[in-house]
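Below is one structure, written out as structure tokens; comments come after it.
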Amino acid sequence: MNADEFTALAGQHRRELRVHCYRMLGSFDEAEDLVQETFLRAWRGIDGFEGRSTARAWLYKIATNACLDVLAGRSRRVLPHHRTGPSDPRVSFDERHDIPWLQPFPDRLWEPAAPVDDEPDAAVVAGETIELAFLAALQHLPPRQRAALLLRDLLGWPAKQVASQLDTGVTAVNSALQRARATLREHLPERRSEWPRPTERERAVLRKYVDAVERADLAAVAEMLAEDVRTTMPPWPMWLLGRDAVLAALTESWDPASPEYIGRFRMLLIGANHQPAVAGYLRRPGAPDFRPFAISVLRIEGDLVTEADAFHDAGLFPAFGLPEKLPADR
């Protein structure tokens, strides 16, 4: 295989390998790096490939091992509500960049995996296998269990092939899968299997929510929040539970007369983790334009927002194909 052939092969499998690495690591940034590492390792070992397996299986094995190397001794990635109880909205917290936070994944870069195996016990997940709730549950699995579950239950590979991928035996794979499936069921949210894919009704609710936020209309936002809504904003370690707590936090930051006032928002509808999502841009007092603030991934049930995870990381915006700023007169 020459360099041009290898480049074509890499391009063919880049998208699904990126998703696989993201599921293994819980980090979009690291997934990007690990795909590059996978191709580097593959090119270096190209003479040993010799067509003994499919190119796809060969690349998956390299990618999985590269992820396992990174995960050795690593703490699991989390969101703020995985660490502690709900916060008092009147208490300020500093950003925590020493904590390994989960990151969102752009829908525009997502490629579906192969269908889930029809075996009843394997069907612990459905199509929503890139949602934040699923990624968070995966983080509770030891790395090799995580790899075995992804290869067997998401990609649908036979246990014998998974054993070959992980350089172990079929008995060990089946044992790892049994433990992984039990752990996953324990940590997935209740009624998760009932969550529908985003619908036009949800998109209409999202547009209404965006309009209310852009107008800084607290009353309108309040009408759209579930009573037990949960919000987070990593890298701040705090999180809020309940409509009253969320509104208390927004009241000061949205009030131009308050010393806590941060400015006005503009928002663009995007797709992240197969969930409703928006990119929030903030125009701070006296600033000439709106700058990237956070990627927010939401859960909408009925006509209410029940969860909102806002990732305050301007470095994520390019991955979503977003502009670096929005004009003030938009």
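The values are calculated or read from the model by the stated rules, or taken from the named source; none is laboratory data. These numbers were taken from a predicted model, which means no experiment stands behind them. Neighbour counts are summed over all protein chains in view; Cβ atoms, including those assigned to glycine, are modelled from backbone coordinates with ideal geometry.
If the condition is being more than 15 Å from residue 147 (Cα to Cα), of a type outside the set (A, V, I, L, M) and not in a helix (DSSP H, G or I), then the range 1-30 contributes 2, 27.
Scanning the range 202-235 for residues that are surrounded by fewer than 17 Cβ atoms within 10 Å (Cβ to Cβ) and of a type outside the set (A, V, I, L, M) yields 203, 207, 208, 211, 214, 215, 217, 223, 227, 228, 235. Applying the set (1) under 23 Å from the mean Cα position of the chain (by Cα); (2) modelled with pLDDT of 90 or more to residue 188 leaves exactly one unmet item: (2).
Scanning the range 256-283 for residues that are out of contact with any Pro (no Cβ under 7 Å at 6 or more places or on another chain), surrounded by 14 or more Cβ atoms within 10 Å (Cβ to Cβ) and more than 30 Å from residue 19 (Cα to Cα) gives 262, 264, 265, 283. Consider the range 304-330 and keep the residues that are among the hydrophobic types (A, V, I, L, M, F, W, C) and closer than 15 Å to residue 28 by Cβ. The one that is surrounded by the fewest Cβ atoms within 10 Å (Cβ to Cβ) is 314.
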